[in-house]
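What follows is a set of notes on a single structure, which appears directly below.
Taken together, the values in this text are just the output of simple stated rules run on the coordinates, not laboratory data. Computed from a predicted structure; not experimentally measured. Glycine gets a Cβ as well: all are built from the backbone with ideal geometry, and neighbour counts include every protein chain shown.
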């Protein structure tokens, strides 16, 4: 008889205890912004075209609001993945973001103060007993300004149970096939959203002109592939050899990651001796994203995308619609399932409320949804966006 327990008793020893901060080695450069938006499929010229950006309200290139997580050494899950859970693995469950006003420019150095918050164990169809663990990230610049706060939810589970439950009814091991006509149509659909960015340009999307019930333009990205996921992976600073200052308190085996998925990802000593053993793409717990063989070991049918990238897609979608004079102040995202290779991602949102908050900011609230080509929901979100007034 299969043991259906998940031992989370060690987690109580870590709640509320800060872990080592995430620290950059060098300041951000404009090329980091370009690499990030290209990897996240976000062609907003503010973030990659210097000539265009110099004509903007900022007078220079500015980072997208989604960028802070790129400097972290764990996609924001560092404080939501502490404590020993035997024979376990991890996927992303969601992110809640608060943005406090300061923007990120070339020359800025961010650090991230990180504190575990809480956890709860629930029974899921995915893997039986599953731990939903949360932790907070506080991103500061070199001046001590708080840029953003991220509350990350990690889903920790037993891969053996996930494999067993997936094998009962999983027919998703093969990528869907897109013919040339379908691919051409997808490119047209993608460009419709890009044209929205161009049409707004340096203009303002006024709060008075947005009404409850309005729908935001649809954004399509994909089909996803091992190549696109690899490009996303390399846009995070920690995935590059000596890209960030490594933690000295990180041990995958001590977290309960086992077998092929433990590895020595981000090990600061081994990185200097044999870095290909430590960067996560080839060996360690992150390689399930890029190698179907290891994806299946943790209960996934084939290569799958990164939760933090899904979070960036959402923030970029909202910020792109708001324009350079708008600002996403808060977003609460729940990840229902990953994007798999061969799938496309379709993003939509509707305006559900308008308000003026206690700080006098004119906000619209939107409900967001992300689905694949079959209509399967991969993420939902609720967000508040500040817009300029006439």
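Taking a point 7 Å out from the Cα of residue 354 in the direction of its Cβ, the residues of segment 211-239 whose backbone N falls within less than 11 Å of it are 211-214.
When the P(r) is computed for segment 1-41, the part past 15 Å accounts for 71% of the Cα-Cα pairs.
Taking the inverse of the mean reciprocal distance over all distinct Cα pairs, the Kirkwood hydrodynamic radius of the chain comes to 21.5 Å.
Highest mean packing comes first when the peptides 323-334, 140-151 are listed by Cβ atoms within 10 Å, giving 323-334, 140-151.
Between residue 245 and residue 179, the contour length at 0.36 nm per residue exceeds the alpha carbon distance by 19.3 nm.
Here segment 1-116 yields Rg over Rh of 1.11, to two decimals, using C-alpha coordinates and the Kirkwood radius.
Over the chain, dividing the summed -39,500 (n - 2.57) contributions of all DSSP H runs of at least 4 residues by the number of residues returns a 222 nm mean residue ellipticity of -6500 deg cm²/dmol. For the peptides 212-223, 228-239, residues were scored by their other Cβ atoms within 10 Å and the scores averaged per peptide; the highest-first order is 228-239, 212-223. Rg/Rh for segment 111-160 (Cα atoms only, Rh after Kirkwood) is 1.19. Over all pairs of different C-alpha atoms in segment 280-390, the reciprocal of the mean inverse distance, the Kirkwood hydrodynamic radius, equals 15.5 Å.
Sorting 20-29, 155-164 by their mean Cβ neighbour count within 10 Å, with the most densely packed peptide first, gives 155-164, 20-29. The relative contact order of the chain comes to 19 percent, based on Cα pairs under 8 Å that sit 6 or more residues apart. The angle between the Cα long axis of helix 307-322 and the main principal axis of the chain comes to about 10°, on a 0 to 90 degree scale. Divide the volume of the convex hull around the Cα atoms of segment 217-360 by the residue count and you get 165 Å³ per residue. The relative contact order of segment 51-178 comes to 28 percent, based on Cα pairs under 8 Å that sit 6 or more residues apart. Compactness check for segment 64-191: Cα Rg over 2.2 N^0.38 Å is 1.39. Compactness check for segment 173-302: Cα Rg over 2.2 N^0.38 Å is 1.49. Annotation for residue 282 and residue 270: the two label points, set 7 Å from Cα along the Cα-Cβ direction, are 1.2 nm apart.
Distance from the C-alpha centroid of segment 192-263 to that of segment 98-144: 15 Å, rounded to the whole angstrom.
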